[in-house]
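What follows is a single structure, written as structure tokens, with notes after it.
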Amino acid sequence: MVLAAARLSFRDFRNVQTVRLEARSFTPCDQSGGGSALVLRSQKYNEMPDPHASLSSRHIRAYPYRPYFFRMRALDILLIPGFMLDPDLWTDVRAALGRHGRVIDADTTQDLTIEAMADRAIQAVSATAIVIGFSMGGYVARSMAYRAPDKVKGLALIATSPRAHAPSAIRAGMTFRRLGQAAIARSLHPEHRTEAMMRRVEQMSERLGPEVFRRQSEMVRVDDSAMLSQIHCPALIVAAAQDELRSVAESEMLHDGIAGSIMQIVERSGHLIPMEQPDVLGGALGDFITDFNRR
């Protein structure tokens, strides 16, 4: 049996209290009553979740006839970045996501359309995938869900919109080197407009270069509001309260259009939530994936 090293919730059915544990590893052990039990090596715990469990040091022991574990599916977690951003966007949440499955970075550098990006990404994932799309990547993620619902089993849409986005005109003779300081500053909460943060965004755009800038700038993003009802997988919508590029109202449109979706608003963050509030985002995504694994 494959056991999930994840955040677990236990319920004591006699006093209806929930206890959350950060489980780091699992070790089988023998009990005097025969059979095997599960030891969760934990870094934090509150109170005993079960009157039949015993606590010793940092170990919580669940007896065979009251097992507290679940099967974890073979899972791909696909990360799709936004406009002129590369895999470094996800650096600060990557380790948290890696505890739940195989993390894959989508290639958004080669194609001319959202649909072509989606088709390329579909080929990169296995039969069961959680797709996480940021901003422009949210359009790609939804296109994947429409085109390959058999593969996309969960969807997380971060700082994105269902509204149409017109392509940007590239001036004749324009030479692209990097995103401008004003554009980068607008994508960040005022508290996060540090030299290090802004330089990190600059470097992503420098690595992608002028050809990717041209392709992504000229890309059409259609309004898919009328199609959202076609998404039937679990979905998490994340918005930033202080995002100057994508409004909370746009995230609410996604939330309203995708039946059964859940929504979280992140405070003290601009558009670049994965860089500005990685712990909050990582926790929300981790809980979403854990709940998905329990289904």
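Readers should treat all values here as calculations from the given coordinates under stated rules, not as data from a laboratory. Since the model is a prediction, treat every value here as computed from it, not as a measurement. Positions of Cβ are backbone-derived with ideal geometry, glycine not excepted, and every protein chain shown enters the neighbour counts.
Values for this structure:
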| read-out | value |
| --- | --- |
| Residue-count net charge about residue 233 - beta-carbon cut-off 12 Å; Lys, Arg +1, Asp, Glu -1 | +3 |
| Distant-in-sequence amide H partners of residue 152 (H built 1.01 Å from N, under 5 Å) | none |
| Neighbourhood net charge (14 Å Cβ-Cβ; Lys/Arg +1, Asp/Glu -1) for residue 181 | +3 |
| Efficiency of FRET from Cβ geometry, residue 181 and residue 222, R₀ 41 Å, rounded to 0.05 | 0.85 |
| Protection proxy ranking of 235-241, 192-198 - average other beta-carbon atoms within 10 Å, highest first | 235-241, 192-198 |
| Net length gained if the chain between residue 112 and residue 191 were fully extended (0.36 nm per residue, minus Cα distance) | 24.9 nm |
| Extended-chain gain in nm, criterion 0.36 nm per residue less alpha-carbon gap, residue 102 and residue 166 | 19.6 nm |
| Residue-count net charge about residue 197 - beta-carbon cut-off 12 Å; Lys, Arg +1, Asp, Glu -1 | -3 |
| Stretch gain in nm, segment residue 174-residue 200, where the contour uses 0.36 nm per residue and the Cα spacing is subtracted | 7.0 nm |
| Descending Cα extents along the principal axes, the range 83-126, whole Å | 32, 25, 11 |
